[in-house]
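Just below is one structure, and these are the notes that go with it.
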Amino acid sequence: MKKVSFAEFGGPDVLQLIDAEEPHAGPGRIRVAVRAAGVNPVDWRVREGQVLGAHPTELPAGVGLDAAGIVDEIGEGVDGVEVGDRVFGEGSSTYAEFAVLSAWARMPEGLTFEEAAGYPSVVETALRVIREVGVLPGQTLLVSGASGGVGSAVLQIARDRGITVIGTGGASNQDYLRGLGALATTYGEGWTERVRRLGRVDAALDLAGSGVIRELVELTGDPRRVVSIADLGAPVSGVRFSGVAGSVPDALAEAARLIARGKLRIPVEKSYTLAEAAEAHIDSQAGHTRGRRVMVV
Ligand SMILES: NC(=O)c1ccc[n+]([C@@H]2O[C@H](COP(=O)([O-])OP(=O)(O)OC[C@H]3O[C@@H](n4cnc5c(N)ncnc54)[C@H](OP(=O)(O)O)[C@@H]3O)[C@@H](O)[C@H]2O)c1
C-alpha cells in the first residue's frame, strides 16, 4: 500500500510516499481503508522531532493521527462495529491507504469522508479545554487564535452551551468568526483594548501560542481562568498548559450529536493527495489554517 513516511526528523522534504506493508488490527483496534486523513499541527511537530515526550517516534515513521474511512478489519475483543461501516477516529500513520485506529465512531449522516477526517483531534481538544478552563453558561470566554481547527470547534461548542465567545483572528477571518457566533476582533497592536470594548472576560484560551499569556491573565484577572494548548511557558505565569488528551470516543460521540443538530461544522480549507503531504505541512506550518486541512486518499 501507499503510505507517507519519514526516515529522519526534519523539514517537509523528509516526507516520502513509499510502498509499505499493510498494518493489521491488533486487539481492541480496527483497520480502515482510509478515505481521508486530517492534517493537524502535531503531525509536523512529530516530523520535526519536537514532541518525542508525548509522541515517542521510532524511525522510519508514518504520519497522521486522524482519519475517516471504511472498516475492513476488526481486532480481537472489538464489538459494536462491522466491516463496511463508515467511521472517523484516531490512530496512527493515517496518511496511508490503510491505517489502524484506536478510537472511532460511526460517521455522522451528511458528512463526507473529507469533512469527517477533520474532527477527531480538534473536537477532543476543544471539549477538553472548555472543561479545564471551567467557563459556565452565561459567562464570556476569550479565544486567542479562534479561526483554526481547535478554535472553530471551541467557538461552536461554547456557543451551544450558552457561553458568549470573543475570538481573535486575522483580518480576513473576522466574518468567518462572526459566522460561528463569536464577537470577533483582530490580534496585533491594541488587541487587548479591542477585546475590552467587546465585553468583560471571565475565562480565556490561548490556542495560537502567540505570546499573549500575560495579557490573557490581565484580561481575566486570574491565571487559573486561563488555559493554553500552545505555549509551553504558560505555567511560569501560573497558567495551565493542557497536553493530556481526554476520551476520544466521548469526544466523537459529542461531535456526532452536535453535527446531527446542525451545531458544529468544521470547514475543510484545502485537500491534498498523499503525494502532496509536504505541501500540506508547509501550508499548515504557515499558521493560518481556517478550519482543517485534509489528505484525501
Ligand atoms: N496541547 C494540545 O493538546 C494541543 C492539541 C491540539 C493542538 N495543539 C496546538 O494548538 C495550536 C492550534 O491548533 P490548531 O489545530 O487549531 O491550529 P491551526 O488550525 O493551524 O490554527 C492556527 C490558528 O492560529 C491563528 N493565529 C496565527 N497567528 C496568530 C496570532 N498572532 N494571534 C492569534 N491567532 C493567531 C490563525 O488565525 P488566522 O488564520 O486568522 O491568522 C490560525 O487560524 C497548534 O500550535 C497545535 O500544535 C495543542
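Inspect segment 274-287 for any residue being assigned by TED's automatic domain parsing to the domain that holds Phe6, part of a loop (DSSP other than H, G, I, E, B), at pLDDT 95 or above and not aliphatic (A, V, I, L, M) and give the result as yes or no.
Looking through segment 274-287, at least one residue is assigned by TED's automatic domain parsing to the domain that holds Phe6, part of a loop (DSSP other than H, G, I, E, B), at pLDDT 95 or above and not aliphatic (A, V, I, L, M).
Could you list, in sequence order, the residues of segment 22-62 that are free of Cβ contacts under 8 Å to residues at least 60 places away in the same chain, among the small types (Gly, Ala, Ser) and either touching a Phe, Trp or Tyr at 6+ places or on another chain (Cβ under 8 Å) or closer than 19 Å to Ser284 by Cβ (or both)?
Gly49, Ala61, Gly62
Of the residues in segment 163-185, how many are under 19 Å from Ile130 (Cβ atoms) and either assigned to a helix (DSSP H, G or I) or of a type outside the set (A, V, I, L, M) (or both)?
Residues in segment 163-185 being under 19 Å from Ile130 (Cβ atoms) and either assigned to a helix (DSSP H, G or I) or of a type outside the set (A, V, I, L, M) (or both): 6 in total.
Is it the case that some residue within segment 74-82 is of a type in the set (Val, Ile, Thr), in contact with a Gly (Cβ under 6 Å, 6 or more places away or on another chain) and in a strand (DSSP E or B)?
No, segment 74-82 contains no residue that is of a type in the set (Val, Ile, Thr), in contact with a Gly (Cβ under 6 Å, 6 or more places away or on another chain) and in a strand (DSSP E or B).
What number goes with the only condition from (1) near the ligand (Cβ under 8 Å from one of its atoms); (2) surrounded by 14 or more Cβ atoms within 10 Å (Cβ to Cβ); (3) under 25 Å from Glu115 (Cα atoms) that Ala256 does not pass?
Of everything listed in (1) near the ligand (Cβ under 8 Å from one of its atoms); (2) surrounded by 14 or more Cβ atoms within 10 Å (Cβ to Cβ); (3) under 25 Å from Glu115 (Cα atoms), Ala256 misses just condition (1).
From Leu198, Leu207, Leu216, which residue is out of contact with any helix residue (DSSP H, G or I) (no Cβ under 7 Å at 6 or more places or on another chain) and within 14 Å of the ligand (Cβ to nearest atom)?
Leu216
Which of the residues belonging to segment 43-60 are buried (at least 18 other Cβ atoms within 10 Å of the Cβ) and either more than 20 Å from Ser121 (Cβ to Cβ) or touching a helix residue (DSSP H, G or I) at 6+ places or on another chain (Cβ under 8 Å) (or both)?
Correct list: Asp43, Trp44, Arg47.
How many residues are in contact with a helix residue (DSSP H, G or I) (Cβ under 6 Å, 6 or more places away or on another chain) and either part of a strand (DSSP E or B) or away from the ligand (no atom under 14 Å from the Cβ) (or both) when one looks only at segment 17-42?
Qualifying residue count, segment 17-42: 4.
Yes or no, residue by residue, for (1) surrounded by fewer than 24 Cβ atoms within 10 Å (Cβ to Cβ); (2) in contact (Cβ under 8 Å) with a residue 12 or more places away in the chain; (3) more than 14 Å from Arg292 (Cα to Cα); (4) more than 8 Å from the ligand (Cβ to nearest atom):
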| residue | (1), (2), (3), (4) |
| --- | --- |
| Gly118 | no, yes, no, yes |
| Val123 | no, yes, no, yes |
| Leu127 | yes, yes, yes, yes |
| Val135 | no, yes, yes, yes |
| Gln139 | yes, yes, yes, yes |
| Val143 | no, yes, yes, yes |
| Gly151 | no, yes, no, no |
| Gln156 | yes, yes, yes, yes |
| Arg161 | yes, yes, yes, yes |
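Filter segment 48-70 down to the residues that are within 16 Å of Tyr95 (Cα to Cα) and either under 19 Å from the mean Cα position of the chain (by Cα) or charged (D, E, K, R) (or both) and list them by number.
Residues satisfying the conditions are Gly62, Val63, Gly64, Leu65, Asp66, Ala67, Ala68, Gly69.
Within segment 163-181, track down each residue that is surrounded by fewer than 24 Cβ atoms within 10 Å (Cβ to Cβ) and touching a Phe, Trp or Tyr at 6+ places or on another chain (Cβ under 9 Å).
Selection gives Gly170 alone.
Please determine whether any residue of segment 7-14 is part of a helix (DSSP H, G or I), under 23 Å from Arg290 (Cα atoms) and in contact (Cβ under 8 Å) with a residue 24 or more places away in the chain.
So far as segment 7-14 goes, yes, one or more of its residues are part of a helix (DSSP H, G or I), under 23 Å from Arg290 (Cα atoms) and in contact (Cβ under 8 Å) with a residue 24 or more places away in the chain.
Between a residue in segment 95-106 that is assigned by TED's automatic domain parsing to the domain that holds Gly28 and any residue that is β-branched (Val, Ile, Thr) and in a loop (DSSP other than H, G, I, E, B), which pairs come within a Cβ distance under 6 Å, given they are 6 or more apart or on different chains?
Here the result reads Tyr95/Val63; Glu97/Val297, each pair linking segment 95-106 to a residue that is β-branched (Val, Ile, Thr) and in a loop (DSSP other than H, G, I, E, B).
The values are calculated or read from the model by the stated rules, or taken from the named source; none is laboratory data. What you are looking at is a predicted structure, and each value in this text was computed from that prediction instead of being measured. Cβ coordinates were reconstructed from backbone atoms using ideal geometry, including for glycine residues, and neighbour counts include every protein chain displayed.
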